[in-house]
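Report on the structure given below.
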Amino acid sequence: MVLSGSYRDLATLVKIVRTLGTSADYLLGLTDAVPADEHDRLMERLTVAASSLSEDQLATVVTQVEALAIPRPKKPGERS
């Protein structure tokens, strides 16, 4: 949902968040803390980026992420 402006404004917010390595919620004053670890930062970035996608684009991203999440057998010599 875009409250005012356009999707371009949301794309700008995404760029700022990525550049600063923080969350949109933090920049907008909705949370007090910056995400604690890299996993949390990546999840926040994914959430912010996904919010600017069309429904079709979002469906594609979900399919791609689900494909990446499928457990695969390790190759010989591969580390965890």
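Rule-based calculations on the coordinates, nothing more; no lab input. These numbers were taken from a predicted model, which means no experiment stands behind them. For neighbour counting, all protein chains shown are included, and Cβ atoms are generated from backbone atoms with ideal geometry for every residue, glycine included.
Brief remarks follow.
- Residues satisfying the stated conditions in the range 53-80, i.e. hydroxyl-bearing (Ser, Thr, Tyr) and part of a helix (DSSP H, G or I): THR60, THR63
- Qualifying residue in the range 29-52 (condition: closer than 20 Å to ARG8 by Cβ, in a loop (DSSP other than H, G, I, E, B) and either among the β-branched types (Val, Ile, Thr) or under 14 Å from the mean Cα position of the chain (by Cα) (or both)): yes
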